[in-house]
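Sharing a structure with you now.
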Amino acid sequence: MSTTTGPDAPRTFDEGVREGVAMPTDLPDDLGSAPCLGAESLIWKFFGDWRTHLFGFQRVAGTENSIEQLAQGTEDHSIFFTDTIGRAKRTGPPILSAVYSEDPYGWGRKVRDFHRHIKGTMSDGSRYHALNPELFYWGHATFVDQVLYTTDTFIRRLSEAEKAQIFEESKTWYELYGVSARSQPQTYAEFCAYWESMLEHFRPNATIRYATGYLRKGVPGPRWMPKFLWRFLSAPLNAYLQIVVVGTVPPQMRQICDLPWDDRKERSFQRFAKIVRALNPLFNRLPLRVLYTPWAAAGWRRVGVDPRRLHNRPAPTPQEVAR
């Protein structure tokens, strides 16, 4: 257990988040030698893949907003309720740019500075601030989980060594933002324990209930279309959402959002995921601009590396290397 004292001393999530104090950090003295992610990293390989975003969008957004302080910040300061899709479009590109651009620290600080004025008071009178280390790290952790979960579920199985590598790379990713890392776990095992502990903090709230309404009620149809016709046309889409999208979120989130789940749905979800993983060799034949988001594709082109040929098999275990 660390004996560090002062503002950077470790806190439990409940202790730290209720301080509601922003804790930004300075840029490294020498940006030229500061650590950043690159083509050799597993985060570069998998984060910008469209499958990570198409299959992981509800998991990352939902787990973020299942924590009441983050949900309150969304409700108080965001246009989430009036322009949900627009908000998602404005959130994703800066984070992708922090990973893949030529100016990762510049973009990382922009992401941080978007949150400087997101602060307020909870219903119990406690404060929150988006740049509080416990709250900001939770937001980052949901993206780390997105990479780990969607890769292992929909792209290819990851070895334990690769999962640990992705977590180690995520420390560099977090450093780009310039917020105190006092709440950041130090090992992959600690991250897994941290994630499980945070799931127990999930609480129902207006933000997450609104964000998952389409999963409970079905996708709303265009106003000009008769309702009976839309129910017929949207049946396959809603079936997909209720199996695949609901299948990606943790059980704790299903519970607070009243999203029904059972063994039959779980088996269907696992069959679907297995089929998508089996198609990975075909996905890796797609053009770069089709397989990757524009920000990721631009990064790969800039460094002159073809990611479709990289990291397509799990890294060997130490036992396999010893053989």
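Matching residues to (1) part of a helix (DSSP H, G or I); (2) over 29 Å from Gly304 (Cα atoms); (3) aromatic (Phe, Trp, Tyr); (4) modelled with pLDDT of 95 or more:
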site: Thr74; (1), (2), (3), (4): yes, yes, no, no
site: Ala88; (1), (2), (3), (4): yes, yes, no, no
site: Asp124; (1), (2), (3), (4): no, yes, no, no
site: Gly139; (1), (2), (3), (4): yes, yes, no, yes
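Still on this structure, I have one more. Within the range 154-183, count every residue that is in contact with an Asp or Glu (Cβ under 9 Å, 6 or more places away or on another chain) and under 28 Å from Glu75 (Cα atoms).
Residues meeting the conditions: 5.
A further question follows. May I ask you to list the residues in the range 290-306 that are among the hydrophobic types (A, V, I, L, M, F, W, C) and in a helix (DSSP H, G or I)? Before you say what the answer is, go through the steps one by one.
Narrowing the range 290-306 to residues among the hydrophobic types (A, V, I, L, M, F, W, C): 290-291, 295-298, 300, 303, 305.
Passing the criteria: Val290, Leu291, Trp295, Ala296, Ala297, Ala298, Trp300, Val303.
I want to confirm something. Restricting to the range 36-72 and keeping residues that are closer than 20 Å to Arg277 by Cβ and charged (D, E, K, R), which single residue is nearest to the chain's Cα centre (by Cα)?
Taking the candidates together, the pick is Arg59.
Give the range 34-52 a look and list any residue that's in a helix (DSSP H, G or I) and more than 16 Å from Glu162 (Cα to Cα), or say none. Spell out the reasoning first.
Taking the range 34-52 as the starting set, the residues that turn out to be in a helix (DSSP H, G or I) are 42-47, 50-52.
Listed by number, the residues that qualify are Trp50, Arg51, Thr52.
Consider the range 147-178. How many of its residues are surrounded by fewer than 23 Cβ atoms within 10 Å (Cβ to Cβ), farther than 22 Å from Pro28 by Cβ and not aliphatic (A, V, I, L, M)?
So the answer is 9.
Can you list residue pairs whose Cβ atoms sit under 8 Å apart, with the first residue in the range 133-156 being closer than 12 Å to Ala181 by Cα and the second being among the β-branched types (Val, Ile, Thr) and crowded, with 23+ Cβ neighbours inside 10 Å? Count only pairs 6 or more apart in sequence or on different chains.
Pro133/Val179; Glu134/Val17; Leu135/Val17; Leu135/Ile67; Phe136/Val179; Tyr137/Val179; Trp138/Ile67
Related question: Quick check on my filter: what residues within the range 92-122 are out of contact with any strand residue (DSSP E or B) (no Cβ under 9 Å at 6 or more places or on another chain), assigned to a helix (DSSP H, G or I), of a type outside the set (Phe, Trp, Tyr) and in contact (Cβ under 8 Å) with a residue 24 or more places away in the chain?
Once the filter is applied, which keeps residues that are out of contact with any strand residue (DSSP E or B) (no Cβ under 9 Å at 6 or more places or on another chain), assigned to a helix (DSSP H, G or I), of a type outside the set (Phe, Trp, Tyr) and in contact (Cβ under 8 Å) with a residue 24 or more places away in the chain, the range 92-122 yields Gly92, Pro93, Ile95, Leu96, Ser97, Ala98, Val99, Pro104, Gly108, Val111.
How about the range 144-176: which of its residues are farther than 23 Å from Trp107 by Cα and either among the acidic types (Asp, Glu) or touching a strand residue (DSSP E or B) at 6+ places or on another chain (Cβ under 6 Å) (or both)?
Residues satisfying the conditions are Asp152, Glu160, Glu162.
Does at least one position in the range 193-204 carry a residue that is touching a residue at least 12 places away in the same chain (Cβ under 8 Å), over 16 Å from Asn65 (Cα atoms) and in a loop (DSSP other than H, G, I, E, B)?
So in the range 193-204, the residues touching a residue at least 12 places away in the same chain (Cβ under 8 Å) come out as 194-195, 197-204.
Then keep just the ones that are over 16 Å from Asn65 (Cα atoms); that gives 194.
With in a loop (DSSP other than H, G, I, E, B) added as a condition, the list becomes none.
No, every residue in the range 193-204 fails to be touching a residue at least 12 places away in the same chain (Cβ under 8 Å), over 16 Å from Asn65 (Cα atoms) and in a loop (DSSP other than H, G, I, E, B).
What pairs come out if I take residues in the range 260-277 that are surrounded by fewer than 11 Cβ atoms within 10 Å (Cβ to Cβ) and pair them with residues that are part of a helix (DSSP H, G or I) whose C-beta lies under 9 Å away, six or more apart or interchain?
That search, which allows pairs on different chains as well, returns Pro260/Arg216; Pro260/Gln242; Pro260/Val246; Pro260/Arg254.
Let's see how each residue does on (1) assigned to a loop (DSSP other than H, G, I, E, B); (2) more than 17 Å from His53 (Cβ to Cβ); (3) in contact with a Gly (Cβ under 9 Å, 6 or more places away or on another chain):
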site	(1), (2), (3)
Trp230	no, yes, yes
Ala239	no, yes, no
Gly247	no, no, no
Pro260	yes, yes, no
Phe269	no, yes, yes
Ala273	no, no, yes
Pro281	no, yes, no
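Condition (residue is more than 30 Å from Met198 (Cα to Cα), at pLDDT 95 or above and not polar (S, T, N, Q)) applied to the range 247-263: is it met by at least one residue?
Checking the range 247-263: not a single residue is more than 30 Å from Met198 (Cα to Cα), at pLDDT 95 or above and not polar (S, T, N, Q).
The values are calculated or read from the model by the stated rules, or taken from the named source; none is laboratory data. Because the structure is a prediction, the values reported are computed rather than measured. All Cβ positions, glycine included, derive from the backbone under ideal geometry; neighbour counts span all protein chains shown.
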